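Presented below is the structure to which this report refers.
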Amino acid sequence: MLEMHNISKIYRTDLIETHALREFSLQVAAGEFIAVSGPSGSGKTTFLNVAGLLETFDSGTYKLDGQDIRGLSDNARSRIRNEKIGFVFQSFNLIPDLDIFDNVDVPLRYRGMKAAERTARIANSLELVGLSSRMRHLPAQLSGGQQQRAAIARAIAGDPALILADEPTGNLDSLMARQIMDLLEKINSMGTTVVLVTHDPELARRAERNIHIIDGLVADTVPASGARRRERQGPAHAESATD
Amino acid sequence: MLGYYLRLSLRSFRRAPGLTALMVSTIALGIAACIVTLTVYHGMSSNPIWWKNGELYAVTVNPLSPSQTRKAGDPAYGSSQLAYDDATYLSGSGIPKRETVLAFLFGAITSTPDQTRPLPVMIQATTGGFFRMFDVPFRYGGPWNAAADRGPEPVMVLSHRENAKLFGGTDSVGRTLLWSGHRFRIVGVLAPWHPLPRFYDLSAGDGGPFGRSADAFIPFQWGPTLRDWPAGHMSCSSQGSASSTYQGLLGSGCTWIGMWVELPTRAARRHFRAFLQAYAAAQRKAGIFHAVNTHLWTVSQWLSLHHIVTRRSGLLVNLAFALLTVCLINTLGILLAKFLRGAPLAGIRRALGASRRQVFAQHLVEAGVLSLAGAALGLALSAAGLAGVRLLYRGSAAAYGKFAHFDPIGIAWALALAVVATIVAGLYPAWRIGRRPPATYLKSQ
Amino acid sequence: MALTSHPLLSALRRNPTGAVLIALQIGITLAILVNAAAIVTHALQKMDRPTGLDTRDTFAMEVADLSRQFNVYSASSADLAYLRHLPGVAAASVIVGIPLTDDGGTTTVGRLPESQGPTITSAYLPVDQQGLRTLDVPLVAGRDFRASEIRVPTVAHPDPRIGIVIVTQALANALFAHRSALGQSIYLGGRTPSTIIGITRNFMGPQLGGGEHAYDTVLVPEIVTQYAAYDLLVRTQPGKRAVVLREAKRHIDAADQNAVVGYTWTLSHAKYRMYSGLRNLAVFLSFLTLVMLVLCCLGIFGLGTFNVVTRTRQIGIRRALGARRRDIVTLFLAENAITVSAGAIFGCFLALGIGQWLTTHDGLARLDPWYLLVGVAVLALTSQLAVWQPARRAARIPPAVATRTI
Ligand SMILES: Nc1ncnc2c1ncn2[C@@H]1O[C@H](COP(=O)(O)OP(=O)(O)O)[C@@H](O)[C@H]1O
Ligand SMILES: [Mg+2]
């Protein structure tokens, strides 16, 4: 699914160069669920940004779904982001003046889908995250956990092959964090590759594989610890608990 | 997709109604001020026959004293009209495609035998070439021919207005009018034709350069034939000398005749210039001219020579553009601030797969809607502004009011300016957002 | 101030576009404001010049021949005889050319015969013996024309080559500088001299072009008869102008079946119209400049408000860290002051540039630095006013927003 080889990313400002990623190599197979952890400033977000084509890299090779990313035009990259990748951010990044329905609608609009198909997909994904009844609410009218679930609905509405989540539970309490984790596992179980950045060792343990980044380098890879459980709770059930 | 962008724009306006109103009214004010100024300028100084600017030339030979204190280029230096002898000679060259001479006559015409009191009229004594040279539109009939000029034959062309007054606007070609004891046959009636300023004859008349055109036109030679004193501007280098009789006037150096030639090709211009030069040189040798100082003036040169295009009205145009610049800068500033504040949202859209072009288009639509609204409001405002200008000019020459009418050129300007406003004020912020990688905007606050 | 200006400058530096745009606006507005003020003042001064005439009680009327059968001299004599006996008329005269209008003749005037020395172009006003009285212009030296000296077509002039003229003081000065012009010979265009028998106080004759030489007029004793029209100039007793004008027009229109009263001018209207271009320019210019100033302030106000909204959190943090309301207001005002200063510097250069251009192309006097000073003051004040409201609004932001996430 995702093959990075010797990627390096340097941020240049007037005064200093920051080597955010150096000789960064990583392979993620299709359908895998991996957790990325590391100290603050170690390059986790940078890795996700590069993986999600939000940023370019300076050297190395990166293949996404077998396609070489290097040298693609901005247009092509936008296209890939739109069709193959779903993002989930720590700060949700919902568009505040669009309601939940319209927020989920955004990536579908850019894909140029017909209205009927968009409506169907939005309904499906909102249903999956358990927010069908809230589709006409504005983000500000929802709790943090609900906002993040809305963001996940938006990420999966376009049926991406890869979900990139950057500390999606960082702003949530542990109960809500667990529900989000459940949701991501459920999405993963339907075949979507998930890359999750988190500090929370408990959540990380639920992934199939743990990556540890220090100073822009993959420090060590912990294979599936066995702690990962395959059985899931129903999300609708989970939701009624939080409200 | 356009519908989607429109919806997003409306949402964005609703989020900041005050700012939106401010931007719309800024654009509107700028456009309105610009239209009003341009319309006034257009009315005050435009060249009413711009399409022939490279072809029509006024002829001057400046026979006045070289010791004048005025600078060359000033109309008071020499004269912008010709003396009778000069005009007669110069119009015999056969070089120009067309040529004409003109002077104003004053008089009264009688249309029916039982009319008790003749009607006072302004008469343009000119040649048949006049109508073709200046693209004068006819409603009925047409200009007289060269034979009528030579005769002169008693033929007359009526203005639209005069024909309405005398004949109720019906086709009067073939009917006759009495002027100066002679019966003139009407050969043509003009369609409404009011070039403002009256570039072809700026001399006095009623209301000067912004006055109306003549009521009737007759062959030029009727003036000398009937010894009818010209009613337009006249200047004589030696006041009182030999000019108290008409014969004296014709022989004197007094200048009172306007002359225009149509020289469409370069060769014709060169040829005619040489002819003029040779004539002036010969006159100088004979001691009649003091200097060889001939000139051909295009219509716009002619207008600025006579200060019709006042330097001050040009100033107004510059001012209008400065004002528009301020408006554009203003809108640009506000729009830029607004768009940059919205940059994180654009970043989210980028992360969700919007291409640069799509983000660009969205911003462009928003700026476009703003400027269209501004342009619409600006048009309404300029209608009000022009009403104000009419009020301002009401006290002065009646004709001044004419250029305070809404004209299509003004509207075209408004639209063009709105487009420029969109492009300048909308593209830059959109471009600035699109330039940076989307990740920049996604950092958690 | 020194304390607050540092973080402020860095804020300006980090997002300079908005500030640069405001400064640009202020610069352009200042430049236009200053030059427009100079032009308008110039126009007002020009309009304020004395005409030297009794504009309130004087009118002129053009009488035109319709038939070509009519004798201008006898017709005008009859009109004058009538007018001079009409109650309410103070004086009446037949002239060619109407003061304060561009309807009149010009002549060249020189101290030497034509082409032997420099000449001046002057308005040329033929009058009869009542001309000066009708114009109500006093002589400062010499004498008026006598009735016997008026050249008329019916009487052969003793020696038509020797003329007498009266000139205005301005023209006399232009010709003879500080020497006395009285009794001197001058040449009107040709080679025959005329003697100056009188010098009048300055008045505006028929206008020459732009009116820069408005006071240059030479009066000659002549009733001009070769035109098919003549002008009557009438001065009435105070307040009688309207009545007399109506009555005279009615009478003359009816008196001769071949004569028609063309246009009538009151001198006050002539003066009004003479300056209409200048006046309209002044009004228009003032209005546009005002619009520009308002726009500039709206822009500052808008961006200011916007800044408050976007910097709510930052301001909240400052407040939480102990900034007083006054400090916040000062912050905004100071920020604006910096922008305005930059704009003013740019604007001064621009203003001087435009002023220079106007001086070379438009003959306007050099821009007085005072205008610049006043302009900067006006802009500084209005822009501070424009930013005052947003600043107050910023000051009302509670420190608590610092702890809230957006
Ligand atoms: N836009 C940027 N410009 C300069 N340096 C950056 C930028 N973004 C991140 N960095 C630097 O790169 C390094 C890695 O950052 P990041 O990937 O955000 O770390 P984290 O692991 O906490 O997500 C940090 O040292 C950070 O300061
Ligand atoms: Mg991070």
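What follows is calculated from the coordinates using simple rules that are stated; it is not laboratory data. Quick caveat, the model's predicted, so the values are computed rather than measured. Cβ sites come from the backbone with ideal geometry, for glycine too, and all protein chains shown count toward neighbours.
Assign unit charges at the C-beta atoms only (+1 for Lys and Arg, -1 for Asp and Glu), then state the dipole size of chain A relative to its Cα centre in Debye, rounded to the nearest 20.
For this selection, approximately 520 debye.
Set the Förster distance to 45 Å, then compute FRET efficiency between C:H85 and B:T225 from the Cβ-Cβ distance, nearest 0.05.
0.65
How far is helix C:2-14 tilted off the main Cα axis of chain C, in degrees rounded to 10, range 0 to 90?
80
With a Förster radius of 35 Å, plug the Cβ-Cβ distance of C:T195 and B:Y246 into 1/(1 + (r/R0)^6) and report the FRET value to the nearest 0.05.
0.70
Give me the inter-chain shielding for B:267-278: mean count of other chain Cβ atoms within 10 Å, whole number please.
Average neighbour count from other chains, rounded to a whole number: 0.
Please report the orientation-averaged projected area of chain A, defined via the convex hull of its C-alpha atoms, in nm².
Convex hull of Cα atoms, orientation-averaged projection: 13.3 nm².
Using Cβ contacts closer than 10 Å as the measure, can you line up C:S341, B:S172 from fewest to most?
Ordered by Cβ neighbours within 10 Å, fewest first: C:S341, B:S172.
What number, in percent, do you get for the relative contact order of the range B:96-169 if the mean sequence gap of Cα pairs under 8 Å and at least 6 apart is divided by its residue count?
It rounds to 25 percent for the range B:96-169.
Tell me, B:W431, B:W222 in order of fewest to most beta-carbon neighbours within 10 Å?
Least to most surrounded, the residues fall as B:W431, B:W222.
Nearest 20 debye, what's the magnitude of the dipole of chain C about its Cα centre given +1 on Lys and Arg Cβ and -1 on Asp and Glu Cβ?
Taking the Cα centre of chain C as origin, the dipole is about 2740 debye.
Kirkwood hydrodynamic radius (Cα pairs, Å) of the range A:1-85?
Every distinct Cα pair counted, the radius reaches 13.5 Å.
Go through C:L267, C:L112, C:I32 and say which Cα lies farthest out towards the positive end of the charge dipole of chain C; charges sit on Cβ, +1 for Lys and Arg, -1 for Asp and Glu.
C:I32
If you restrict to DSSP beta bridges whose two residues both lie in chain A, what percentage is antiparallel, to the nearest 5?
Rounded to the nearest five, the antiparallel share is 55 percent.
Regarding chain C, what is the average projected area of its C-alpha convex hull, in nm²?
28.7
For helix C:241-255, what angle does its Cα long axis make with the longest principal axis of chain C, in degrees from 0 to 90 and rounded to 10?
The answer is roughly 40 degrees.
Structure shown: which of A:K9/A:K84; B:K52/B:K285; A:K9/A:K63 lie over 25 Å apart, alpha-carbon to alpha-carbon?
B:K52/B:K285
Using a 7 Å offset from the Cα along the Cα-to-Cβ direction at both C:W388 and B:T298, what is the distance between the two label points in nm, to one decimal?
5.3
At a threshold of 8 angstrom on Cα-Cα distance, excluding pairs fewer than six apart, so keeping six or more, what relative contact order does chain C reach in percent?
Worked out over chain C, it gives 28 percent.
Tell me the angle of helix C:276-310 to the major Cα principal axis of chain C, expressed in degrees between 0 and 90 and rounded to the nearest ten.
For C:276-310 against chain C, the angle is about 0 degrees.
Determine the calculated [θ] at 222 nm for chain C from helices alone, applying -39500 (n - 2.57) to every DSSP H run no shorter than 4 residues and normalising by the residue count; nearest 500 deg cm²/dmol.
Result for chain C, helices only: -17000 deg cm²/dmol.
C:K271: which aspartates and glutamates have alpha carbons under 12 Å from its alpha carbon, excluding same-chain residues fewer than 8 sequence positions away?
Qualifying aspartates and glutamates at Cα under 12 Å: C:D48, C:D54, C:D102.
Cut-off is 10 Å between beta-carbons; in what order do A:M190, B:M234 appear when sorted fewest neighbours first?
Arranged by neighbour count, lowest to highest, A:M190, B:M234 become A:M190, B:M234.
Using a Gaussian network model of chain A whose springs link C-alpha atoms within less than 10 Å, name the residue from A:N75, A:N188, A:N49 with the highest mean-square fluctuation.
It is A:N75.
For the range C:254-406, what does the alpha-carbon gyration tensor say about shape, rounded, prolate or oblate, given a ≥ b ≥ c as the root eigenvalues, a/c under 1.5 as rounded, and a/b over b/c as prolate?
Note, shape of the range C:254-406 comes out prolate.
Among all the lysines, which ones have a C-alpha under 25 Å from B:K338's C-alpha, if same-chain residues fewer than 8 places away are not counted?
Output for B:K338: B:K443.
Along the charge dipole of chain C, pointing to its positive end and built from +1/-1 on Cβ of Lys, Arg, Asp and Glu, which listed residue (C:V165, C:F203, C:V234) has its Cα farthest out?
Sorting the options by dipole projection puts first C:F203.
Under 12 Å Cα-Cα from A:K186, which aspartates and glutamates qualify once same-chain neighbours fewer than 8 residues away are excluded?
Excluding near neighbours in sequence, the set is A:E231.
Using DSSP to call loops (not H, G, I, E or B), can you name the trypsin sites (Lys or Arg not before Pro) in the range B:89-164 whose Cβ has at most 16 other Cβ atoms within 10 angstrom?
B:K97
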